[in-house]
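What follows is a single structure, written as structure tokens, with notes after it.
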Amino acid sequence: MLERLGRGAARHHWAVLVAWLVIAIGIATLSGVQKGTAVDTFAIPGTGSQEALDLLQREFPAAAAASATVVFYSTTGENLTGGAAAQAIGTAVADMAKIPGVASAANPLTGPPPGVPAGFLPATVSSNGSIAYTTVQFTEEVTSVPPDSFARLQQATAPVSAAGVDVAFGGPVIDAQDTQAIDGGLSEYADEIGLGLAVVILMVALGSVVSMIVPIASALVGVFVSGALLTVATYHFTIGTAVSALGVMIGLGVGIDYALFIVTRHRQELPGGGGPVAAAGVATARAGSAVLFAGISVCLALAGLTLVGIPYVATMGLAAAMFVVVAMACAITLIPALLGLLGNRINGLRIHRRDESDPSRSWSARWARLVCRRPVPFVIGGLAVLVLLSVPLLRMEWGFPSDADDPPSQTQRQAYDQMSSGFGPGVNGPLLVVAELPTPTQQNAPGEVQALGDLVAKLRTTPGVSGAYGPIPNSDGTAAIITVYPTSGPSDEATSALVTTLRSTTIPQALSGTSVDPASVYVGGYTAELIDLTDLIQQRLPWFIGAVVLAAFVLLMIVFRSLLVPLKAAVCNLLSIGAAYGVLVAVFQWGWLKDLVALDQTVPVAPFIPVLMFAILFGLSMDYEVFLLSRIREEWLATRDATRSVVEGVAHTARVITAAALIMISVFLAFVTNPSPIIKMLGFGMAVAVFVDATIVRMLVVPSAMRLFGSAGWWLPSWLDRILPHLSIDGPSPSAAQNAPVMASVGPEHPDHQ
């Protein structure tokens, strides 16, 4: 089927190219009409923070809406409560309250409203008067806030800046609309940097300008179409801010890699004399089959993120899978069409003329012979390096980077630092204790009022709490909110421990024997949501890993009709990903060589980073596994010689695997320039994993293991062979490469032929 598809696309290339043009224009037009806003919303079913959020949205819709924090501060220590500074702040707050979509903005200098007792609300002016803040409450959720709200807030606070007072902004609205924080510096050109490096690598690997253009063009079309589809999806669904960067990262990487595999095979088939159309058909059948299998493996791994049970993480996986699906579609339709259009000009504008006619004389063939002569030391050495790199994984600390981990130039970081300085670090991550009351407090229910008062008193004496304020009832008196400020920052272990203490000890003890059921009192807020998210991922991660490994094992067993090959693949993939985790911990958590990734300070590993990395990299490693093993198997079926099949397989695939890995690494490393620690962590971690997989695994462990396995590597019990379905990735007919003479004898230096 793939051969017919490849031939048809190459023969009718103009029709295919026009079809892709129409698709791209149509989706781009739709994305212009239905353009959504990405936002980080963490729904965590079955957790206390989710129960608190649901109760807030039901009983306190205003409090559940989006907000922004505006911090006024004097670097000279000037007191802001009087003079021109106070007047400017009052004017700014009044102007902010008039911004469309804003529900309220209170002047921080005027104190609590009349009738509110002292200590009932948190202080909004620091003890020395040099720092003040106000919370701007919006009427809608972040996705529905007017897109120019941040700019309007900046305009409203211009008089404050003119009075010599600095202003910083934080909160969900700022996170969503501060494009400088999302991009900034070289990160604006991350795509261009990765693409430029890919061009250079392809030029060297393929030796031709024309050959280089084909993978680049295919990848760009795929990323453009996928990006437009993502924009439309964001209009209809809640999608995180990191998804776009992740999608581009994956789309460029796999798009160029898949195209490179097919173009390389096409160029190998051209000298056979069948013509460009026939060569495109064979290349699509052979390399295209491997591309489809590898791509489906990536998509299955990404779709497996739904098993984690967190919509935010599942959405990231499904969105990334969409980029892979489009890349596969481009590989098996657009690439053959471009090859048919170029015909014999595919090797045009050569920059070098490397002799590719005899792979047995290449460096990769010489390396494979060396590995096959001494397979035991190489397999032990390779596994030892992987284990050594994985050791830091045992000390991994989970947690979400906060605004404290942003670069000092970002307004969110400035707001965080000033709030910490004036009010303590806990003010940046307040906890919301939300209580559902059995009897409305407005209906003379002194028991509930007394119980909540006792709860506030108990909270204030809990170790790790710097302050507790409230309770504030809703309009019906059926629920109440208590705001709790920890003494520690949002991402500190102490804050996580405090949440556990409040839920398991403080709240049950304070409400024991009262009419308020402790089970109807929930600890929520953004900080608690992130803590619950971390705990849930840690619980579900082993199940997710097990499901993905099992699925990959079964797929590889079906394709290669072997038990040892999928077992080796599972072990190697787990070790290579573990090594990437270890390096991630050493750099981001321990600070080793952190300056190389422009990291200002150490940060914990964001919980969904290991999950995403596992899904993406376990799938991507299948690219190289399938590409290398399918060629080794092809030679094994022809020769039944373990050494020769390993040497032949490595000789024919090493250069393209190396080029593909370098492209992936370049694309991923380009995103290290992003100021966001999460994007930086994701790009660096995946670059390390691909490097480890393409070098230690593919060039050391796999060749030596396959040499040691010998004929046992392709053994499958007959009873199992009968019940397993047959799935071939070798194409429907023998290629010119199969009909050509098998590589000459490895030589007298290899007496250990099987």
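Worth pointing out:
- For segment 454-467, the tally of residues that are outside any helix (DSSP H, G or I) and under 14 Å from residue 499 (Cβ atoms) stands at 4.
- Filter result (loosely packed, with under 15 Cβ neighbours inside 10 Å and either aliphatic (A, V, I, L, M) or touching a helix residue (DSSP H, G or I) at 6+ places or on another chain (Cβ under 6 Å) (or both)) within segment 59-79: 62
- Contact annotation: residue pairs with Cβ atoms under 7 Å, 6 or more positions apart or on different chains, pairing a residue in segment 291-320 that is at positive phi and not assigned by TED's automatic domain parsing to the domain that holds residue 549 with a partner that is part of a helix (DSSP H, G or I) and surrounded by fewer than 23 Cβ atoms within 10 Å (Cβ to Cβ), are 309/536; 309/540.
- Test: residue 530 is within 13 Å of residue 431 (Cα to Cα), at pLDDT 90 or above and among the aliphatic types (A, V, I, L, M): no
- Selection count where residues are polar (S, T, N, Q) and either in contact with a strand residue (DSSP E or B) (Cβ under 6 Å, 6 or more places away or on another chain) or under 27 Å from residue 607 (Cα atoms) (or both), scope segment 357-410: 4
- Some residue of segment 480-488 being in a helix (DSSP H, G or I), surrounded by 16 or more Cβ atoms within 10 Å (Cβ to Cβ), outside the structural domain of residue 604 (by TED's automatic domain parsing) and without any contact (Cβ under 8 Å) to a residue 60 or more places away in the chain: no
- Of the residues in segment 544-565, at least one is touching a helix residue (DSSP H, G or I) at 6+ places or on another chain (Cβ under 7 Å), under 30 Å from residue 405 (Cα atoms) and hydrophobic (A, V, I, L, M, F, W, C).
- Inside segment 164-180, residues that are over 19 Å from residue 244 (Cβ atoms) and surrounded by fewer than 20 Cβ atoms within 10 Å (Cβ to Cβ) make up a count of 2.
- Residue satisfying all of: in segment 135-148; among the polar types (S, T, N, Q) and closer than 26 Å to residue 112 by Cα; surrounded by the most Cβ atoms within 10 Å (Cβ to Cβ) among these: 137
- Count of residues meeting criterion [of a type in the set (S, T, N, Q), in contact with a strand residue (DSSP E or B) (Cβ under 8 Å, 6 or more places away or on another chain) and farther than 15 Å from residue 436 by Cβ] in segment 463-512: 4
- Residue in segment 398-414 that is among the hydrophobic types (A, V, I, L, M, F, W, C) and under 26 Å from residue 134 (Cα atoms) present: yes
- Members of segment 559-573 found to be at pLDDT 85 or above, over 19 Å from residue 642 (Cα atoms) and crowded, with 18+ Cβ neighbours inside 10 Å, listed by number: 572
- Counted residues, segment 85-113 - those being closer than 14 Å to residue 71 by Cβ and touching a residue at least 40 places away in the same chain (Cβ under 8 Å): 5
- Counted residues, segment 217-269 - those being of a type outside the set (Gly, Ala, Ser) and not in a helix (DSSP H, G or I): 4
- Helices (runs of 4 or more DSSP H) fully within segment 114-199 counting 1 or more residues that are modelled with pLDDT of 90 or more, small (Gly, Ala, Ser) and at negative phi: 149-156, 158-162
- Every residue from segment 391-407 that is outside any helix (DSSP H, G or I), among the hydrophobic types (A, V, I, L, M, F, W, C) and either more than 18 Å from the chain's Cα centre (by Cα) or within 11 Å of residue 589 (Cβ to Cβ) (or both): 396, 398
Every residue, every condition in (1) of a type in the set (A, V, I, L, M, F, W, C); (2) more than 24 Å from residue 399 (Cβ to Cβ); (3) surrounded by 23 or more Cβ atoms within 10 Å (Cβ to Cβ), yes or no:
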position	(1), (2), (3)
608	yes, no, yes
615	yes, no, yes
628	yes, yes, yes
634	no, yes, no
639	no, yes, no
643	no, yes, yes
653	no, yes, yes
662	yes, yes, no
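- The residues of segment 126-139 that are in contact with a strand residue (DSSP E or B) (Cβ under 9 Å, 6 or more places away or on another chain) and either without any contact (Cβ under 8 Å) to a residue 60 or more places away in the chain or of a type outside the set (A, V, I, L, M) (or both), listed by number, are 126, 130, 133, 134, 135, 137, 138, 139.
- Residue match in segment 237-253 (condition: within 15 Å of residue 329 (Cβ to Cβ) and either among the β-branched types (Val, Ile, Thr) or surrounded by fewer than 24 Cβ atoms within 10 Å (Cβ to Cβ) (or both)): yes
- Residues (more than 30 Å from residue 436 (Cα to Cα) and buried (at least 16 other Cβ atoms within 10 Å of the Cβ)) located in segment 82-106: 85, 86, 88, 89, 90, 91, 92, 93, 95, 96, 97, 99
- Residue in segment 285-304 that is in a loop (DSSP other than H, G, I, E, B) and over 14 Å from the mean Cα position of the chain (by Cα) present: no
- Identification of helices (runs of 4 or more DSSP H) wholly contained in segment 669-754 with 1 or more residues that are farther than 30 Å from residue 586 by Cβ and at pLDDT 90 or above yields 702-709.
- Residue list for segment 474-495, restricted to those being of a type in the set (Ser, Thr, Tyr) and in contact with a Gly (Cβ under 8 Å, 6 or more places away or on another chain): 483, 485, 487, 488, 491, 495
- Helices (runs of 4 or more DSSP H) contained in segment 499-613 and holding at least 1 residues among the acidic types (Asp, Glu) and in contact with a Ser or Thr (Cβ under 9 Å, 6 or more places away or on another chain): 526-560
- Check on residue 653, closer than 14 Å to residue 703 by Cβ and in contact with a Cys (Cβ under 8 Å, 6 or more places away or on another chain): no
The values are calculated or read from the model by the stated rules, or taken from the named source; none is laboratory data. Quantities reported herein were computed from a predicted structural model and do not represent experimental measurements. Glycine gets a Cβ as well: all are built from the backbone with ideal geometry, and neighbour counts include every protein chain shown.
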